[in-house]
Amino acid sequence: YWQDVLAENPSILKPTLNNSGPFRWFLHEALRDGKPLDRLATELMLLRGSDREGGSAGFGLATDNDAPFASKGHIVATAFLGIELQCARCHDSPYHSTQQRDLFSLAAFFERKAVTVPKSSTVPDAFFENKVRESLIKVTLKPREPIAPAWPFAAVTGVADDPALDALMLNPRDPRERLAALVTAPANTRFAQVVVNRVWKRLIGAGFVEPAHDWEGHAPSHPELLAWMARDFVA
């Protein structure tokens, strides 16, 4: 299940794109050993060890991809935060509040430096010409515009990127470790609730929030129970 959730392309329609293979043993051993989910997610985002022989570094591999760490930012957001960023790869989402800048800000954390949007990951200007009505698609991030690491989800998660976060890290100056701390911080109630919702759906058949990967605009069916179970899960 987690291999599919964290895969770049879980459909297996094009197997070379399904890059869960290189880190499948990391996932297998972490779950077999009962590793806490916050630690599993942290180690996954730190991309340590061998990228071909089962280390979490294998999570960083991507195929046929002009911005591989943007893909990893999308996976982390949907898997652990219930935030859908698929549309944000090339333009601001027409049906969500997420923007292309949000996704590439996460990519910059992984890259440990400012990143730019490839020309192949944007909507060309010609698309907007001679339109009968205004397009729902908006492009607010221009190709080659540098995007520094920045946390765009403080309002959603309840955790902000401020000096108080430093106590949770060995190296507060490492952007990759900072991203991991922001996702798994105790103040981030969304992380625990998303994980609980995923486990509940696996066991019961339906989650408190559906779909499990996209919480925007979808209220929990039983919010008090979900909140209680998330606190119990953390404990």
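The values are calculated or read from the model by the stated rules, or taken from the named source; none is laboratory data. Small disclaimer: the values here were computed from a predicted structure and weren't measured. Counting neighbours? That spans all protein chains shown, and the Cβs are built from the backbone with ideal geometry, glycine included. Ligands, DNA and RNA are stripped out before the accessible areas are found, and what is left, the full protein with its side chains, is counted by its heavy atoms. Shrake-Rupley method; radii C 1.70, N 1.55, O 1.52, S 1.80 Å.
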From Cα coordinates alone, what are the radius of gyration and Dmax values for the stretch 33-81 in angstrom?
-> 11.4, 35
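Taking a quarter of the surface of the convex hull around the Cα atoms of the chain, what do you get in nm²? Before the final figure, lay out the partial values.
Working: hull surface 56.5 nm².
The Cα convex hull of the chain, projected and averaged over all directions, gives 14.1 nm².
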Mean-position separation - Cα centroids, the stretch 18-66 and the stretch 158-200, in angstrom = 18
Length-normalised contact order of the chain in % [C-alpha pairs under 8 Å, at least 6 apart] = 16
Determine, for the chain, the count of lysine pairs separated by eight or more sequence positions (or lying on different chains) whose alpha-carbon distance falls under 23 Å.
-> 12
Let me have the 222 nm mean residue ellipticity of the chain computed from DSSP H runs of 4+ only, each contributing -39500 (n - 2.57), with the sum over all residues rounded to the nearest 500.
-> -10500 deg cm²/dmol
To the nearest 0.05, the calculated FRET efficiency linking A164 and V234 through their beta-carbon distance, R0 being 25 Å, is 0.85
What are the semi-axes of the equivalent ellipsoid for the stretch 155-235, taken as the square roots of 5 times the Cα gyration tensor eigenvalues, largest first, in whole Å?
-> 27, 12, 11
Accessible area per residue in Å² at 1.4 Å probe, computed on the chain = 52
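In whole percent, and with a 1.4 Å probe on the protein chains, what portion of the accessible area of the chain is carbon and sulfur?
Working: 6640 of 12270 Å².
Here it works out to 54 percent.
Tell me which trypsin sites (Lys or Arg not before Pro) from the stretch 133-168 have a DSSP coil assignment and no more than 12 other beta carbons within 10 Å of their own.
Numbers: sites: R133, K138, R144; in loops: R133, R144.
Hits after loop and neighbour filter: R133, R144.
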17 Å tail of the calculated P(r), the stretch 101-235, as % of Cα pairs = 69
Please state the relative contact order of the stretch 114-235 as a whole percent: Cα pairs under 8 Å, 6+ residues apart?
-> 18
May I ask you to give the average projected area over all directions of the convex hull of the Cα atoms of the stretch 189-235, in nm² rounded to one decimal?
-> 2.9
